[in-house]
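Visitor: Supplied in structure tokens, the structure appears directly below.
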């Protein structure tokens, strides 16, 4: 999948939360997740699987009774990922996420705000020092994700949350998992 840049608001550049950083690639600016944790504090970033040249986010998933690992691109809004399994499921299926180290559930009640999605559940990942959380819609095929940072105004959070990189490969059934 090719990265496609979206504009990062100027005011966000001044308050990038811990666990994220801005990077320049191909003369474009991107937001990158560099630290993200399960609720019990395990770092989900792994250097052994790199996507777009950066460490990925390692999660354990259960979909339609099948379980395996997924490695998610750390570029905010990218939907590139690598699976250790290929579940047989259809559009609208929901996934359950777990920490690959302690197996704690990552799912919480959180209504997706994406038009046309009726999911009431999201995978929740934690930024360092309790500074914020990332909500990823648990409905396969939904690109919904929200960055909720304690120190950011709601409007700025919404602006960043709306960033999606839809380059090549958007036909991927698993497009909803960030």
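Visitor: Please indicate, with yes or no, whether at least one residue in region 145-166 is under 22 Å from residue 68 (Cα atoms) and modelled with pLDDT of 80 or more.
Guide: Checked against the condition, which is being under 22 Å from residue 68 (Cα atoms) and modelled with pLDDT of 80 or more, region 145-166 yields at least one hit.
Visitor: Follow-up. Which residues, taken from region 122-163, are in contact (Cβ under 8 Å) with a residue 60 or more places away in the chain, buried (at least 19 other Cβ atoms within 10 Å of the Cβ) and over 18 Å from residue 36 (Cα atoms)? Please lay out each step first, then the result.
Guide: Our first condition is that a residue be in contact (Cβ under 8 Å) with a residue 60 or more places away in the chain; within region 122-163, this holds for 123-129, 131-132, 134, 140, 143, 145, 147, 149, 151-152, 156, 159-160, 163.
Retained after the next criterion (residues that are buried (at least 19 other Cβ atoms within 10 Å of the Cβ)): 123-127, 132, 134, 140, 143, 145, 147, 149, 152, 160, 163.
Matches in region 122-163: 140, 143, 163.
Visitor: Residues of region 70-88 being farther than 29 Å from residue 6 by Cβ and touching a strand residue (DSSP E or B) at 6+ places or on another chain (Cβ under 6 Å), which ones?
Guide: Those that are farther than 29 Å from residue 6 by Cβ and touching a strand residue (DSSP E or B) at 6+ places or on another chain (Cβ under 6 Å): 84, 85, 87.
Visitor: Right, residue 59: touching a strand residue (DSSP E or B) at 6+ places or on another chain (Cβ under 8 Å), at pLDDT 90 or above and either loosely packed, with under 15 Cβ neighbours inside 10 Å or closer than 23 Å to residue 83 by Cα (or both) or not?
Guide: The answer is yes for residue 59.
Visitor: For the structure I just gave you, tell me whether residue 67 is modelled with pLDDT under 95, touching a strand residue (DSSP E or B) at 6+ places or on another chain (Cβ under 9 Å) and surrounded by fewer than 18 Cβ atoms within 10 Å (Cβ to Cβ).
Guide: On the way: modelled with pLDDT under 95: yes; touching a strand residue (DSSP E or B) at 6+ places or on another chain (Cβ under 9 Å): yes; surrounded by fewer than 18 Cβ atoms within 10 Å (Cβ to Cβ): yes.
Considered against the rule, which asks whether it is modelled with pLDDT under 95, touching a strand residue (DSSP E or B) at 6+ places or on another chain (Cβ under 9 Å) and surrounded by fewer than 18 Cβ atoms within 10 Å (Cβ to Cβ), residue 67 comes out as yes.
Visitor: Could you list all residues from region 99-119 that are without any contact (Cβ under 8 Å) to a residue 40 or more places away in the chain and either surrounded by 13 or more Cβ atoms within 10 Å (Cβ to Cβ) or within 20 Å of residue 147 (Cβ to Cβ) (or both)?
Guide: Scanning region 99-119 gives 105, 107, 108, 109, 110, 111, 112, 113, 114, 115, 117, 119.
Visitor: Just name the residue that is surrounded by the fewest Cβ atoms within 10 Å (Cβ to Cβ) out of those in region 27-49 that are part of a strand (DSSP E or B), in contact with a strand residue (DSSP E or B) (Cβ under 7 Å, 6 or more places away or on another chain) and modelled with pLDDT of 95 or more.
Guide: So the residue we want is 47.
Visitor: Here's another thing I want to ask about it. One residue is enough: does region 77-85 have a residue meeting the conditions crowded, with 18+ Cβ neighbours inside 10 Å, modelled with pLDDT under 90, in a loop (DSSP other than H, G, I, E, B) and at positive phi?
Guide: Yes, some residue in region 77-85 is crowded, with 18+ Cβ neighbours inside 10 Å, modelled with pLDDT under 90, in a loop (DSSP other than H, G, I, E, B) and at positive phi.
Visitor: Give just the number: which of (1) part of a loop (DSSP other than H, G, I, E, B); (2) surrounded by fewer than 22 Cβ atoms within 10 Å (Cβ to Cβ) does residue 96 not satisfy?
Guide: All conditions are met except number (1).
The values are calculated or read from the model by the stated rules, or taken from the named source; none is laboratory data. As the structure is a prediction and not an experimental result, all values here were calculated from the model. As a convention, Cβ positions derive from the backbone with ideal geometry for all residues, glycine included, and neighbour counts pool all protein chains shown.
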